[in-house]
Amino acid sequence: MRFVFTIILSCLFLLVSAQRYTISGYVEDESNGERLISATVYDDISKQGCATNAYGFFSITLSQPHVKMVFSYIGYTAEVREFDLKQNVSLIIKLKPSISLQEVTVTGEKTQIENPQISVTEIPVQTIKSLPVLLGETDLIKVIQLLPGVQSGSEGSSGLYVRGGGPDQNLILLDGVPVYNADHLFGFFSVFNSDAVQSVTLLKGGFPARYGGRLSSVLDIHMKEGNNKEFHGEGSIGVISSKIVVEGPIKKDTSSFIFSGRRTYIDILAQPLIMSVSDGANAGYYFWDLNGKVNYLLSKKDRLYLSMYTGRDKAYGKFRENNWEDNSSVSKFGLGWGNIITALRWNHEINPRLFMNVTGTFSNYEFVVSEKMESSDNGQTSKYSYEYTSGIRDWSTKAEFDFHPSPQHKILFGGNYTYHTFYPGISVFQVNSSGDPSGNIDTTFGDAYIYAHDTYLYAEDEIKLGARTILNPGIHYSMFAVRNATYNSLQPRFSLRYLLNETWSVKAAYTMMSQNILLLTNSGIGMPTDLWLPATDRIKPQKSQQVAAGVFHDFKGGYEVSVEGYYKTMQNLIEYKSGADFFSRAETWENKVESGEGWSYGAEFLIRKSKGKTTGWIGYTLAWTNRRFENLNFGKAFPYRYDRRHDIGLAITHKFSDKTDIGLVWVYGTGNAVSLPIEQYPSLTDPFNQNYFGYNSIDYFEGKNQFRTPSYHRLDLGINFHKQLKRAYRTWSVGVYNAYNRKNPFFIYFETDWDTNEKHLKQISIFPILPSVSYSLKF
C-alpha cells in the first residue's frame, strides 16, 4: 500500500509539473487594424494549430516549454514568434500585406485538405472585384454562381439555387444578420457592395451546428471594420451606378468607422426620353443602398460593434391627362421594396480559453405597391387609392461562445431568440368623392399579421484524434411557436476529415436541417411579390437530410483539386396549386399552396489556383433534382424548374503587372425545365369569346416541366488599368458581357401566325453583347 501511495503521489507531482499554458489574442492587418478571419496560428514544434474566429480571436493551449508560433494569412507576410512558455501569453499579431501573391510556401498555412469542413469555399474579395460582370457592376452573388453546385436561375439573375434547393433555402448573413431579400433591379443585381465587404464564405453542406434555419446553403458575409490608422476613401462611376466608400479612425488605434453608398441613375438618364415620347409623363426606376459600421475597443478584452445596412428599389410613374377644359386627371403608381438591418455586437474575452460574442439585431423587409388617381370634373373631385404591403420584421438576440480547452478540442455553443412579425399581404382601399360622399370607401383587407417565436440552441466540438483525423459532431435544437402550434426539432450534425498524407484528404458529413420560414415563389422571374411566410398550424416546417463525401488534393504551385458527391432529401416543400398565384387574392395564401417532397443528388468537380499571378477556378457539376406533390402532375415526380444536368463555371484572373490585370468568365448550363402544352382544344363551357381572338381554348400538358429551354452559355471579358497618382490610386475597368453575343433564353412562349393559324415557339433574350466601362479612385 505504501508503494502504491508513493506511485500515486509521484504521478500527481508529474501531472502538476507538466504545466499547460494558453497563448491567445488577435491577428490584425497592420495597415488598417482590421482583424483577420480564419488566419492560421501554428506551433512548428508541437505541430499543433488553430484558426482565428470571425472576430480575429485565437486560443491554443500547449504544454512544452518552448514554442515557435507561425501566424499566416493568404496575401500577407507570415510572422514567426519564438519564445519560452512560462505563463499564459496574450498577443496582438499585426501581419503586413504582401506586395503580390507569389507562389511561396508558408509553414502552417491551412489548405483545403486540412480544413475540417466539407463543401466550404472562401472567395477573396479581390477576385470578386477583378472578374467581369453585367454592366460593370461588381457583384459577389454572380461570382458565387460560378462555383460548382450553385446555379443562377434565369439569365442575369442574382438568385442562388444550391444543390437542388430554392432561393429561400439559403441563409444569407450580413455580419451575422439574415438578409431576406438580396436582390436589386428585379433580381439582376445583389444588395451587397463589394467595396464594403471583408470576407465571403459559402457552405453548401456539412453545416456546423451553429448554423440553422435553412436547408441548402449558408452565405456568410462580413463587412469591413474600418481603418483605425488613417483616413481612406474609394469611389467609382459606372454605366448604371456610382458608389463611394469612406473609412477612418474615430480615435486612432481605438475606434474606427466605415461608410459606403451606392445609387443607380437609370431614372435620371432615361427621364428626358420618357417625357419626350409620353407627352410629359414622369416615370422611372432606381435603387440605392447604404452600409455603415462603427467599432470601439473598450479594453484589450472588449470590443463593441454597431453595423447597419439599408437599401431600397423604387419604380414610379406619374401621368396627367386633360380630356377637356373642365375635366382632368392625375394618376400615380409606385413599386418599392427594401431592407433595413441593424446589429449591435459585444465581443468579450472571458479568459484566455473562452471567448464570448453577444448580439442584438433588428431586421425589416417590406414590399409595397401603390396606385393613386385624382380627377376633377366641373369643380368636383374624386380620389382613389390602393396600397398593398407585405414583409417580415425581426427582433433578435444571440449569444455565442468559443471554448478552447486544448489543441485537440474546439467547442462552440450558444443560442438565439427571434421574434417574427409576418405581414403576408395587407391591402388598403380608399375612395373619396366630393360630389357623392355616400359612396366613400375606406377599407382594409387581406391576410392578417402573423407573430412567431423562433429559438435555437447549439453545441459542437471539433475533436482532433491524432495528427490525421478531425471529427466535428454537433447538435442543433430549434423551437418555433406560431398561432396554436409549436414545432420542436433536434438536428444532429456530423463531419469527418482524414488526412491520407500531406497532399491528400477525404471528408464526409451528415446533416439534418429544419426551416421554419418559407418563401412562396411565383413561377416567373425573381420578383419582390415573392412572399416570406411562416410555418403555421396548417403548413409544416421544411426538413432535409444531406450526406456528402469528397476527396481533396493539393498540387505544387498552389493548385487544389476536389471531387464531392452528395444526396439530399427535402420534405414539406410548398408550391402554388394549379392556376393559383400571387394575384389570385380571393383566398388566403394557405389555401393556394400544395405541400410535397423533393430530392437531389450529384457530383461536383473543382480545380482551383489561389496563388501566383494567374488565379481562379473551373468547376463542373453533374446533378439531378426532382419534386413530387400529390395534387400536381397527377402525383408523379417531375424535374425542378432549375434542374440542370450539366453546369460549368470558369473564372480566371491574371496579373500582368501592377498596372494591368484581366478577368475572364465562361459559363455553360443545361436549359431550364419548362412546362409546355402539347395539345389545345376549345372550351366546352365557353367555346366562344366575344372578342378579336376568337374561341376560348384549354391547353393540355402531358407533364410538368417536361421540356427544356436551349442550353445557356456566355463569355465575359474584362481588363483593369491601374495607375498610382500623386495622392490616389486610379483604375479604369473595361468589360464586355456576353462577348460572342449568344442569344440565351430569358423565357419562351407560343406565338400564333394568324395567316396560317399555326403556333410557333418563340424565345425572348434580354442581354446581347454589352460593353461597360467604369472609373474608380482610391485615396
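Bear in mind that the values in this text are calculations on the coordinates, not laboratory data. Quick caveat: nothing in here was measured; it's all calculated off a predicted structure. Please note: Cβ atoms are built from the backbone with ideal geometry, for glycine as well, and neighbour counts cover all protein chains shown.
Restricting attention to the range 19-97, close to 75% of DSSP beta bridges with both partner residues there are antiparallel. I'd like the distance separating the alpha-carbon centroids of the range 291-305 and the range 181-225, in whole Å. Rounded to whole Å, the Cα centres lie 23 Å apart.
Could you list 725, 500 so that the one with the fewest beta carbons within 10 Å of its beta carbon is first and the one with the most is last? Please list the in-between numbers first.
Values: 725 10, 500 13.
Least to most surrounded, the residues fall as 725, 500.
Note on 190, 72: ascending count of other Cβ atoms within 10 Å places them as 72, 190, the fewest first. Of all lysines in the structure, those lying under 21 Å Cα to Cα from residue 383, and not within fewer than 8 positions of it along the same chain, are 318, 332, 372. Put simply, when 410-418, 294-302 are sorted by average Cβ atoms within 10 angstrom per residue, most first, you get 410-418, 294-302. Summary value for the range 19-97: 39 percent relative contact order, contacts being C-alpha pairs under 8 angstrom separated by 6+ residues.
Among bridges DSSP assigns within the chain, what percent are antiparallel (round to 5)? Don't skip to the answer; put the middle values down first.
Details: 347 of 359 bridges.
So the antiparallel bridges amount to about 95 percent of the total.
Could you compute the FRET efficiency for residue 752 and residue 481, with r as their C-beta to C-beta distance and R0 at 60 Å, rounded to 0.05?
Working: r = 53 Å, r/R0 = 0.89.
Between residue 752 and residue 481 the formula returns 0.65.
Would you compute the Debye intensity of the range 535-666 from its alpha-carbon atoms alone, equal scatterers and no solvent, and pass along log10 I(q)/I(0) at q = 0.13, 0.14, 0.21 Å⁻¹ to two decimals? Each listed q corresponds, in turn, to -0.75, -0.80, -1.20.
Any idea what the alpha-carbon Rg over 2.2 N^0.38 Å comes to for the range 694-779?
Numbers: Rg = 22.7 Å, N = 86, 2.2 N^0.38 = 12.0 Å.
Here the answer is 1.90, to two decimals.
Put simply, the chain fits an ellipsoid with semi-axes of 50, 30, 28 Å; these come from the alpha carbon gyration tensor as the roots of five times its eigenvalues, largest first.
What net charge do the residues around residue 487 carry, taking every other residue with its C-beta under 12 Å from that of residue 487, with Lys and Arg at +1 and Asp and Glu at -1?
Values: positive: 483, 540, 543; negative: 454, 537.
Taking every other residue near residue 487 into account, the sum is +1.
You can think of it this way: the chain between residue 432 and residue 468 has 5.3 nm of extra reach, that is 0.36 nm per residue less the Cα-Cα gap. Summarised in one figure, the compactness ratio Rg/Rh of the range 454-521, Cα atoms and Kirkwood Rh, is 1.18. Computed from backbone phi, the HN-Hα couplings of the range 220-234 come to 9, 10, 10, 7, 4, 8, x, 6, 9, 9, 7, 7, 9, x, 8 Hz, rounded to whole numbers (Karplus: 6.51 cos²θ - 1.76 cosθ + 1.60, θ = phi - 60°; Gly and Pro given as x).
Our summary gives the range 702-755 a relative contact order of 36 percent, counting only alpha carbon pairs under 8 angstrom and 6 or more residues apart. Per residue, the Cα convex hull of the range 19-97 amounts to 73 Å³.
Mind sorting 403, 58 by how few other Cβ atoms lie within 10 Å of their own Cβ, fewest first?
Numbers: 403 17, 58 24.
Taking fewest neighbouring Cβ atoms as first place, the list is 403, 58.
Whole number please: convex hull volume per residue, Cα atoms of the range 592-662, in Å³.
Numbers: hull volume 8.9 nm³, N = 71.
In the range 592-662, the Cα hull volume divided by residue count equals 125 Å³.
How would you order 538-548, 608-618 from highest to lowest mean count of nearby Cβ atoms within 10 Å? Please report the intermediate quantities before stating the final value.
Details: 538-548: 20.2, 608-618: 17.5.
Result, highest mean first: 538-548, 608-618.
Computed over the Cα atoms of the range 454-579, the ratio of the radius of gyration to the Kirkwood radius (Rg/Rh) comes to 1.11.
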